[in-house]
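Take a look at the structure set out below.
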Ligand SMILES: CC(C)(COP(=O)(O)OP(=O)(O)OC[C@H]1O[C@@H](n2cnc3c(N)ncnc32)[C@H](O)[C@@H]1OP(=O)(O)O)[C@@H](O)C(=O)NCCC(=O)NCCS
């Protein structure tokens, strides 16, 4: 049987986003703002819910949390779509990175991300944890010496 894959946490980021602010900005910015900040998949996920602003705010928090975990900022509007939140068949959120954020993650040796979201009518929060299997292997090897 192969040994269990070892990994270590190499980054963590958290963010909170105001749901009413998100609702206001989406009202004012319309479809163009929505499409500049969120991917088509995210828009489909959020628009299919009873309270889209809560889900958009959670995804905004996830993008900021991912940037914090990676130690970078979301300096351009385009960077917002470089962190994408999907869902597995059970509704569990999954983070995918593209573009500059994907390159940063690769440079840091990140091999897996964990994302957790929660939201109410007022606030949305997200926590992102970055893991590295490569670092884990090195750590286990070092510990075995
Ligand atoms: C998943 C669950 C705990 C969400 O709790 P909640 O208080 O209703 O809602 P919250 O605002 O705290 O969290 C909502 C977020 O939970 C996340 N979520 C949904 N299903 C999830 C799951 N199976 N595992 C992890 N996270 C999940 C989603 O990101 C969701 O936000 P989104 O719809 O914008 O993507 C609840 O729906 C539940 O009990 N589901 C059934 C049991 C289950 O699958 N539990 C898994 C964790 S033990």
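The values are calculated or read from the model by the stated rules, or taken from the named source; none is laboratory data. All of these numbers come straight from a predicted model, not from anything done at the bench. As a convention, Cβ positions derive from the backbone with ideal geometry for all residues, glycine included, and neighbour counts pool all protein chains shown.
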Any residue at all in the range 29-41 that is surrounded by fewer than 20 Cβ atoms within 10 Å (Cβ to Cβ), within 14 Å of the ligand (Cβ to nearest atom) and either over 15 Å from the mean Cα position of the chain (by Cα) or assigned to a helix (DSSP H, G or I) (or both)? yes
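If I ask for residues that are more than 16 Å from the ligand (Cβ to nearest atom), outside any helix (DSSP H, G or I) and touching a residue at least 40 places away in the same chain (Cβ under 8 Å), which ones from the range 65-86 would you list?
So in the range 65-86, the residues more than 16 Å from the ligand (Cβ to nearest atom) come out as 67-82.
Filter again for outside any helix (DSSP H, G or I), leaving 71-76, 81-82.
Within the range 65-86, 71, 81 meet the criteria.
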Can you name the condition, by its number, that residue 14 falls short on among (1) in a helix (DSSP H, G or I); (2) within 16 Å of the ligand (Cβ to nearest atom); (3) in contact with a helix residue (DSSP H, G or I) (Cβ under 6 Å, 6 or more places away or on another chain)? (1)
The range 87-111, residues that are in a helix (DSSP H, G or I) and in contact with a helix residue (DSSP H, G or I) (Cβ under 8 Å, 6 or more places away or on another chain): 99, 100, 101, 104, 105
Restricting attention to the range 74-98, report how many residues are more than 13 Å from the chain's Cα centre (by Cα) and either surrounded by 12 or more Cβ atoms within 10 Å (Cβ to Cβ) or at pLDDT below 90 (or both). 4
